[in-house]
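Notes to accompany the following structure.
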Amino acid sequence: MPIDTEWELDDFLVALQARISPIQRIGCDVMNVAIRLCRILWPKDAVPTTARSLAERMTDAEDRLIEWRESAARVGADEALCWVLSWYETIELAHVKGVREGSKWVSDPEWVGKRQKLAYSLIQYADIHNFHEDPNAPADDQLEDDEGQGSDGEDDGEADDEFYEDAEDEDAEAEADPRSAPGSDAPSSSGAAGP
């Protein structure tokens, strides 16, 4: 008995529907994941309302992930400085800006291992789950001014100089009247800490 291979229009519609349904489900899944990623990566921004705008936003995901890494690094460094400066309140901040040459905490593998072990244990205290803007980043209007000035713009090191001058004044006041509590077991700011 010969098989009739001719298809009616209804047959084509059924075959097309069988192929469209899985694609539609996959598309919905992709959209839901993209919406979720937008809410995670840009928690303060409104989620795009169209597929096109959502796709455009997702093309910025790589740059945003880099920004998140920088945010985590900022709060991690801030947490580490908070711990150190709470013990050495009279230290000159200009010294903390660089690494002391010849320090065992930098050159000795055993000391480096101990430093890293302590540093990594502080991660739990750093607020890495919320995005933190760079406080040193110039404002948008400042960026526009800098672009207009070209290479003749003013030196942006003046603000840093003022900051360190203020810090040195505070350090001088602290040396005259130490702020460590009576009976505190805090090490002195001039002493070298051991491993």
With every protein chain kept in place and a 1.4 Å probe, the stretch 1-94 has an accessible area per residue in Å² of 80
Once all protein chains are kept in place, Tyr120 shows an accessible area at probe 1.4 Å, nearest 10 Å², of 150
At 1.4 Å probe size, put Thr59, Thr90 in order of accessible surface, largest to smallest. Thr59, Thr90
Extreme residue, positive dipole direction of the stretch 1-147, given options Ser86, Val47, Ala18 (C-beta unit charges): Ser86
Please give every one of the lysines within straight-line cross-link reach of Lys117, meaning a C-alpha to C-alpha distance under 18 Å, and leave out same-chain neighbours fewer than 8 residues apart. Lys104
Please go through the stretch 1-90 and write out the trypsin sites (Lys or Arg not before Pro) that DSSP classes as loop and that have at most 12 other C-beta atoms within 10 Å. Lys44
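The values are calculated or read from the model by the stated rules, or taken from the named source; none is laboratory data. In this text, all values refer to a predicted model and were calculated from it rather than measured experimentally. Every residue, glycine as well, gets a Cβ built from its backbone with ideal geometry; the counts of neighbours run over all protein chains shown. Note: areas computed on protein heavy atoms with side chains; ligands, DNA, RNA excluded. Shrake-Rupley method; radii C 1.70, N 1.55, O 1.52, S 1.80 Å.
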